[in-house]
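Structure first, then comments.
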Amino acid sequence: MRIEDFKSGNYLQQYKYKCFIPSKINHPFTWEDPQLNELLSEANKKIEELNSFSINNPELKSFLPLFIAKESLDSSRIDGIKINAEDVFLDEAEITEVKKEDWREVQNYIKAMNICLDEMNEIPLSTRILNLAHQIIFSGARGEKKSPGEFRKSQNWVGGATINEAIYIPPVHGEISSLMGDLENFLHNDYLEIPELIKAAIAHYQFITIHPYVDGNGRIGRLLTTLYLASCGLLSKPTLYLSSYFEKRKIPYHHHLMLARKNDDLMQWIKFFLEAVIESASNGIKTFHSILEFKKETEAEGNTSQIDIRNKEDIFYMYIKLFSY
């Protein structure tokens, strides 16, 4: 199928509302848009450059927790979590009571990313991995009502206090297993010969459209992108923090996803996604340059222990220094 001819799906009448049933995606996708090729080429080039830093400078490994914290914080903010950067590096005892549940979910997101990346050394990326991530993120008092680690067994909706006021009503829960199975097969179908970044963009759209969990679908969908790019070898380390781009452009981010579903316009979503990759990879490269420059300055001063990556105050200092653009 040409991306230009994409059909997003159909509405299914339920008792008093219509839910959306997305078209399955485990099939070839082609395109004739030259701008998409240009964006894809530039995005791949930036990813390769980003990877070369992490591969050729092994001393940067100790700074990876900062990248993971950045992605976790921004992804959580998109979903309405109200935590600032300084809070992330505090102990739970230092967090005010009103922020504690949000703080726990961000910490759990960091934990989920690390555990899932480790798990993928033993088993492939799958719904099992995504369920594990969901279970970890929502482990705790507030998450008990969100069926942690399980696909939803009831209808959910996006926007509005009631389903009648919803902006979007995802597929009925009986369709989830089939749709998620199709998504998983799509990610692992090497016969399709679809570039990894195009696959990642389509998979992200499809996951958000399915909305398989009671809550946390945005965070798991963005985590899926990181896990997929790592699993297919495009990212050697989790150093591409796309959620920063999406968080700064939250309205366009949701708008492009909606247009793909509502107007069959998958092309404009993929282009937006590739633009996010280009800018995020460029920022990652700047961050690596800043780390190397900082290390060089520190060593020139004869003080190699100026920053202790295990000290929370030093970590926060480095976080602000590295991600202040």
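Each reported figure results from applying straightforward, stated rules to the coordinates on display, with no laboratory input. As the structure is a computational prediction, the values presented were derived from the model and not from experiment. Backbone-built Cβ (ideal geometry, glycine too); neighbour counts: all protein chains shown.
The set of residues in the range 250-300 that are closer than 20 Å to TYR168 by Cβ, hydrophobic (A, V, I, L, M, F, W, C) and without any contact (Cβ under 8 Å) to a residue 60 or more places away in the chain comprises ILE251, LEU257, LEU259, PHE272.
Looking across the range 230-253, the residues that are assigned to a helix (DSSP H, G or I) and either closer than 17 Å to TYR109 by Cβ or not aliphatic (A, V, I, L, M) (or both) come down to ALA230, SER231, LEU242, SER243, SER244, TYR245, PHE246, GLU247, LYS248, LYS250, PRO252, TYR253. Candidates in the range 77-116 are the residues that are under 14 Å from ILE136 (Cα atoms) and in contact (Cβ under 8 Å) with a residue 40 or more places away in the chain; of these, the one that is farthest from the chain's Cα centre (by Cα) is GLU101.
Screening the range 183-215 for residues that are assigned to a loop (DSSP other than H, G, I, E, B) and not β-branched (Val, Ile, Thr) and picking the one that is surrounded by the fewest Cβ atoms within 10 Å (Cβ to Cβ) gives GLU193.
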